[in-house]
């Protein structure tokens, strides 16, 4: 969750300070398209509404830029990407997920419309497909 660290260079220097020579640092994150279908689903309601996992494009440590951020500090950096799809066949778990996040309070009062959109897609396609794009960086300290 390095996207929560405001001063990444400082965080990386601290990791290096406590990491033994040759040791590895593991950092997970998501990609720009992670769960984008949920952002797209809520966009008609309110352009700035967030989703259960905030819009990853607003994060500053992603699969797309993590290598560039880590390489100046570590001797070797490797990315292992994991792409997957969540296939939801019931609307209610998605509705509950949306409203478990305070950021989605702007959708209150529109549950029925949101549920209708999800249920229509489930009827048409057999389920609501959500692309998950995550991965892990393995950064090794030099000897």
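Quick notes on this structure:
- Scanning segment 69-87 for residues that are more than 18 Å from the chain's Cα centre (by Cα) and surrounded by 15 or more Cβ atoms within 10 Å (Cβ to Cβ), we see that the one that is nearest to residue 14 (Cα to Cα) is 73.
- Residue check for residue 131: in contact with a helix residue (DSSP H, G or I) (Cβ under 8 Å, 6 or more places away or on another chain), over 19 Å from residue 1 (Cβ atoms), assigned to a strand (DSSP E or B) and in contact (Cβ under 8 Å) with a residue 12 or more places away in the chain: yes
- Cβ separations smaller than 6 Å between residues 6+ apart or across chains give the following pairs from segment 32-43 residues that are modelled with pLDDT of 85 or more to residues that are assigned to a helix (DSSP H, G or I): 32/56; 32/57; 34/56.
- Only one entry in 116, 142, 109 is part of a loop (DSSP other than H, G, I, E, B), at pLDDT 90 or above and loosely packed, with under 13 Cβ neighbours inside 10 Å, namely 142.
- Residue count for segment 14-43, restricted to those that are crowded, with 17+ Cβ neighbours inside 10 Å, touching a helix residue (DSSP H, G or I) at 6+ places or on another chain (Cβ under 7 Å) and in a loop (DSSP other than H, G, I, E, B): 2
- Single residue of 96, 121 found to be outside any loop (DSSP other than H, G, I, E, B), closer than 26 Å to residue 30 by Cα and at pLDDT below 90: 96
The values are calculated or read from the model by the stated rules, or taken from the named source; none is laboratory data. Please read all numbers here as calculations on a predicted model, not as lab measurements. FYI the Cβ positions are ideal-geometry reconstructions off the backbone, even for glycines, and counts take in every protein chain you see.
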